[in-house]
1. Would you please name the residue that is surrounded by the fewest Cβ atoms within 10 Å (Cβ to Cβ), looking only at residues in segment 197-244 that are in contact with a helix residue (DSSP H, G or I) (Cβ under 9 Å, 6 or more places away or on another chain) and among the hydroxyl-bearing types (Ser, Thr, Tyr)?
2. Is one or more of the residues making up segment 345-355 farther than 15 Å from residue 258 by Cα and outside any helix (DSSP H, G or I)?
3. Please verify whether residue 251 is outside any helix (DSSP H, G or I), crowded, with 18+ Cβ neighbours inside 10 Å and of a type in the set (Lys, Arg), treating the condition exactly as stated.
4. Listed residues 144, 208, 194; which is modelled with pLDDT of 95 or more, β-branched (Val, Ile, Thr) and under 15 Å from the mean Cα position of the chain (by Cα)?
5. Restricting segment 172-193 to residues that are among the polar types (S, T, N, Q) and buried (at least 18 other Cβ atoms within 10 Å of the Cβ), which is nearest to residue 369 (Cα to Cα)?
6. Taking segment 337-372 only, how many residues are within 21 Å of residue 284 (Cβ to Cβ) and under 16 Å from the mean Cα position of the chain (by Cα)?
7. Can you confirm whether residue 64 is in the same structural domain as residue 229 (by TED's automatic domain parsing), at pLDDT 90 or above and more than 21 Å from residue 252 (Cα to Cα)?
8. Of the residues 179, 219, which is over 16 Å from the mean Cα position of the chain (by Cα) and farther than 22 Å from residue 246 by Cα?
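The values are calculated or read from the model by the stated rules, or taken from the named source; none is laboratory data. Please read all numbers here as calculations on a predicted model, not as lab measurements. Backbone-built Cβ (ideal geometry, glycine too); neighbour counts: all protein chains shown.
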Amino acid sequence: MAVVKLTSGYNIGVSPSAIEFVEEQPAAGPKHPDVSRNTALPELAIVSTGGTIASRIDYRTGSVTSQFDAADILTAIPELKEIANYRARSVATILSENMTPAIWQELARAIYTEIQDGVRGVIVTHGTDTMAYSAAAISFMIDTPVPIVFVGSQRSADRPSSDNAMNAICAAAAATSDLGEVVIVMHETTSDDTCSIHRGTRVRKMHTSRRDAFRSLGLPPLGRVEYPSGNVHLGKDAVLRGTRTPALHDRLEPHCALLQFYPGMAPDLVSCYDGYKGLVIAGTGLGHVSTALIPGLKELVDAGTMVVMTSQCMHGRVCDRVYDTGRDLLNAGVIEGGDMLAEAALVKMMWVLANETDRNTAEVLMQKDLKGELSRRSLNGI
């Protein structure tokens, strides 16, 4: 039995007697998407950063690697050209664990340029592992009057269970809709029926590999996209197209960190953040750490580091006025993060500290809802 590698990436077993050797054909040149334009369709921009949606199997290593860009995505998913005309540009070709604040800044500038050039919406292809961080970062850096839709896939295009095509098609539909904010669009269920629209500051990847890995936290999804019809249904919480005047605020303070507390954490770990501009803590329950850590946190605050408390819990809000530990944290100068997700709090802190030099004003901004990351009250069951 001979094993034959197909161009799709899969192997088949063939009897050697059934194999016919022919003259080797010259390799075909790269295919490019049809550049013909349908003037009846809106214009979208695809800004690629890489990730699984733009990945193939690397047979050198046997692993998935990011190997092609936005133009290749149009070639791979021809249905996209039935929804809109596209401009394609690549900011990075990376797996999302390699994302950095500097790339966020490049991404924000690229997206803003497309908005200024008059596109109906922007699709950002991105790896799923850190997509929630990036969507939150772009939420704070751009005031957008049009949809900015982050999309990825859990499974690469050369797998039969890939979710890349459906997610991309739903993202394009959302990008032409009445939305006017930064969102993530991914599978709503494990079936190929609908995608959810999640606010960029309120979403988290909740499963390592399921196609419906993303969930909104703190509020329901902003809407959903039906597949294959592409019908978009928006809820009452969605910010609508044209609500905001376009603006770019692309400064970020990179010297910020996120620390998750755990029982028995050594107090000297806090001192590792000496000199940092900001520190977000994911505490337990209502926003707690052990009493042993509080003196070190006070030293950080007194030295000029902003410290914000969030919770490891999926739902609810920080309230450090209930127990003695919480009150001691407040007395040490730790700021309550309300119901912000820890990752959203981190990128918000980077943005606030880069754009506001007055410490008191910066603290006020951290506790003010800027892009839907904070709510005044928690909904039942959410």
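1. Taking the candidates together, the pick is 229.
2. No, segment 345-355 contains no residue that is farther than 15 Å from residue 258 by Cα and outside any helix (DSSP H, G or I).
3. Spelling it out, it is not the case that residue 251 is outside any helix (DSSP H, G or I), crowded, with 18+ Cβ neighbours inside 10 Å and of a type in the set (Lys, Arg).
4. One residue alone meets the criteria, 208.
5. Let us first name the residues in segment 172-193 that are among the polar types (S, T, N, Q), namely 176-177, 189-191.
Cutting the leftovers down to buried (at least 18 other Cβ atoms within 10 Å of the Cβ) gives us 176-177.
Values: 176: 26, 177: 25 Å.
Across segment 172-193, the extreme among qualifying residues is 177.
6. So the answer is 7.
7. It is false that residue 64 is in the same structural domain as residue 229 (by TED's automatic domain parsing), at pLDDT 90 or above and more than 21 Å from residue 252 (Cα to Cα).
8. Among 179, 219, only 219 is over 16 Å from the mean Cα position of the chain (by Cα) and farther than 22 Å from residue 246 by Cα.
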